[in-house]
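The values are calculated or read from the model by the stated rules, or taken from the named source; none is laboratory data. Every value quoted in this text rests on a predicted model; they were computed, and no experiment measured them. Methodologically, a virtual Cβ is constructed for each residue, glycine included, from the backbone with ideal geometry; neighbour enumeration extends over all protein chains shown. For the accessible areas, the whole protein counts, side chains as well, though only heavy atoms, and no ligand, DNA or RNA atoms are used. Shrake-Rupley method; radii C 1.70, N 1.55, O 1.52, S 1.80 Å.
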Amino acid sequence: MKRAASPVLMSLAALSALALSAAPAQAANAWIDFDGPTSFASVADYYNGGTDGAGLSGVNLGVSFSGSILGLANDGLADSPSGNYFSNAPTMGGVMFNNMGETGLMNVAKGFTGEVSLYYSSASALASAVTIYSGLNGTGSILGSFSLANNAQLGCTDSSYCHFDLASVSFAGVGRSLVFSGGLNGAIDNIAITAVPEPGTYALMLAGLAAVGFVARRKQPK
């Protein structure tokens with residue numbers, strides 16, 4: 001007759017499973033869609049648990065922006081056939097743009113790894129339009145960069161930025177900032193990064209696995 005598993009072993013196994021499932025969740029993509037920040041205001045700390053330049057509170061994704069990075073939402077007042085500044089964006093609630101002539105920054109204090117992806121609509125081709133750095137505020141080593149094509153009105157004319165393409169860059173190491181060139185003439189949407197997992201996630205996972213292994217060894221027949 002089979003012996004039922006002990007409640008302690010079952011509890012430890014459940015803890016281990018919970019820890020394993022938590023690890024990828026902590027490392028899941030942070031997705032910045034720019035649908036919330038105030039139009040023509042600095043995005044600022046809207047995605048860092050603070051507010052944008054207009055004082056609107058946002059969410060905490062651990063991501064902050066310099067003052068030249070602005071939100072943009074359609075208001076029907078654009079000088080275009082549709083009255084929109086942009087169209088056909090992956091999420092139509094808003095996009096970001098960088099003030100021409102100013103270098104823009106996106107900082108992630110905890111870091112991000114593996115790959116950065118974004119959608120862009122650019123009115124001119126630009127090499128190294130967005131650069132990934134290992135340090136905050138565009139310091140440290142360059143880990144990768146995006147070169148953008150002139151695609152803003154590719155097959156469309158209803159707005160200044162009516163065509164968006166997806167671009168991605170894979171890199172080694174840990175990034176902590178993106179630098180947007182002052183020559184960037186376009187809209188950016190849906191920036192996706194994979195945040196560095198919290199150290200506590202791995203500690204919980206290892207503790208759960210160690211406890212299960214210890215109990216299993218004690219239960220082995222001598």
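Here are a few things to note about the model shown:
- If you filter the range 31-47 down to residues that are of a type outside the set (Ser, Thr, Tyr) and not in a loop (DSSP other than H, G, I, E, B), you find that the one that is modelled with the highest pLDDT is Ile32.
- Selection of the range 85-111 for residues being out of contact with any Leu (no Cβ under 9 Å at 6 or more places or on another chain) and over 20 Å from Leu148 (Cα atoms) yields Met92, Gly93, Lys110, Gly111.
- Exclusive hit being surrounded by fewer than 19 Cβ atoms within 10 Å (Cβ to Cβ), modelled with pLDDT of 95 or more and part of a strand (DSSP E or B), set Val174, Val179: Val174
- Restricting Asn185, Asn137, Asn107, Asn99 to those that are closer than 19 Å to Ser42 by Cα and modelled with pLDDT under 95 reduces the list to Asn99.
- Cβ-Cβ distances below 7 Å connect the following pairs, each with a first residue in the range 126-139 that is at positive phi, a second residue that is buried (at least 21 other Cβ atoms within 10 Å of the Cβ) and in a strand (DSSP E or B), and a separation of six or more residues or different chains: Asn137/Ser177; Gly138/Ser177; Gly138/Val179.
- Sub-9 Å Cβ pairs linking a first residue in the range 110-125 that is free of Cβ contacts under 8 Å to residues at least 60 places away in the same chain to a second residue that is in a strand (DSSP E or B), at least 6 apart or interchain, are Ala125/Ser147; Ala125/Leu148, ordered by first then second residue.
- Filtered residue count, the range 144-171, keeping only those that are closer than 21 Å to Gly94 by Cβ and either open to solvent by less than 50 Å² (accessible area, probe 1.4 Å) or of a type outside the set (Gly, Ala, Ser) (or both): 15
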